[in-house]
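Student: Next up is a structure, given as structure tokens.
The values are calculated or read from the model by the stated rules, or taken from the named source; none is laboratory data. Here the structure is a predicted model, which means the values were calculated and not measured. Reconstructed Cβ throughout: ideal geometry from the backbone, glycine too, with neighbour counts over all protein chains shown.
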């Protein structure tokens, strides 16, 4: 377990996995919610993103997602984190349909499904910007 991960999260997870992201697994949702990350320490990791997760109470699992090396200290509701977390929790819970809650300040609930090698994500969303893209 990388020392920078523990120092950056301010506590040691029960498990740490390394893939596209670091996945720090805690035993209870309150541990995930109470994390006050040290982004300077987290940017020293060899992966730019960190998903922090635990079993949920009213959902299957909770999460927070930090990407300070990418210029996003905390993603408020992350679809990209689900690409690592849905396969993990599907294996842990032995089912493919899951519900997650992101515990960021804005937060959100996502219905997720593991469909073979793909992850499907659904949930309520809010328009935060509108624009027009012109291709040259």
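Student: Need pairs with beta-carbon distance below 8 Å; first residue at negative phi and free of Cβ contacts under 8 Å to residues at least 12 places away in the same chain and within segment 100-121, second surrounded by 20 or more Cβ atoms within 10 Å (Cβ to Cβ) and part of a strand (DSSP E or B); sequence gap 6+ or separate chains.
Tutor: If the second residue must be surrounded by 20 or more Cβ atoms within 10 Å (Cβ to Cβ) and part of a strand (DSSP E or B), the pairs left are 120/112.
Student: Taking segment 103-115 only, how many residues are surrounded by fewer than 22 Cβ atoms within 10 Å (Cβ to Cβ) and assigned to a strand (DSSP E or B)?
Tutor: 6
Student: Now for a different question. Report whether or not residue 48 is at pLDDT below 95, touching a helix residue (DSSP H, G or I) at 6+ places or on another chain (Cβ under 6 Å) and either farther than 26 Å from residue 8 by Cβ or surrounded by fewer than 20 Cβ atoms within 10 Å (Cβ to Cβ) (or both).
Tutor: Details: at pLDDT below 95: yes; touching a helix residue (DSSP H, G or I) at 6+ places or on another chain (Cβ under 6 Å): yes; either farther than 26 Å from residue 8 by Cβ or surrounded by fewer than 20 Cβ atoms within 10 Å (Cβ to Cβ) (or both): yes.
Against the criterion (at pLDDT below 95, touching a helix residue (DSSP H, G or I) at 6+ places or on another chain (Cβ under 6 Å) and either farther than 26 Å from residue 8 by Cβ or surrounded by fewer than 20 Cβ atoms within 10 Å (Cβ to Cβ) (or both)), residue 48 qualifies.
Student: Take the conditions surrounded by 20 or more Cβ atoms within 10 Å (Cβ to Cβ) and either under 16 Å from residue 20 (Cβ atoms) or out of contact with any helix residue (DSSP H, G or I) (no Cβ under 7 Å at 6 or more places or on another chain) (or both) and apply them to residue 98. Does it pass? Before you say what the answer is, go through the steps one by one.
Tutor: Working: surrounded by 20 or more Cβ atoms within 10 Å (Cβ to Cβ): yes; either under 16 Å from residue 20 (Cβ atoms) or out of contact with any helix residue (DSSP H, G or I) (no Cβ under 7 Å at 6 or more places or on another chain) (or both): no.
For residue 98, the condition - surrounded by 20 or more Cβ atoms within 10 Å (Cβ to Cβ) and either under 16 Å from residue 20 (Cβ atoms) or out of contact with any helix residue (DSSP H, G or I) (no Cβ under 7 Å at 6 or more places or on another chain) (or both) - is not met.
Student: Could you tell me which residue of segment 26-60 is farthest from residue 4 (Cα to Cα), considering only residues that are touching a residue at least 60 places away in the same chain (Cβ under 8 Å) and touching a strand residue (DSSP E or B) at 6+ places or on another chain (Cβ under 7 Å)? Write out each step before concluding.
Tutor: Pass one, segment 26-60, residues touching a residue at least 60 places away in the same chain (Cβ under 8 Å): 29, 32-33.
Adding the requirement that they be touching a strand residue (DSSP E or B) at 6+ places or on another chain (Cβ under 7 Å) leaves 29, 32.
Values: 29: 22, 32: 17 Å.
Across segment 26-60, the extreme among qualifying residues is 29.
Student: If only one of 79, 71, 8 is in contact (Cβ under 8 Å) with a residue 40 or more places away in the chain and over 21 Å from residue 109 (Cβ atoms), which one is it?
Tutor: Result of the check over 79, 71, 8: 8.
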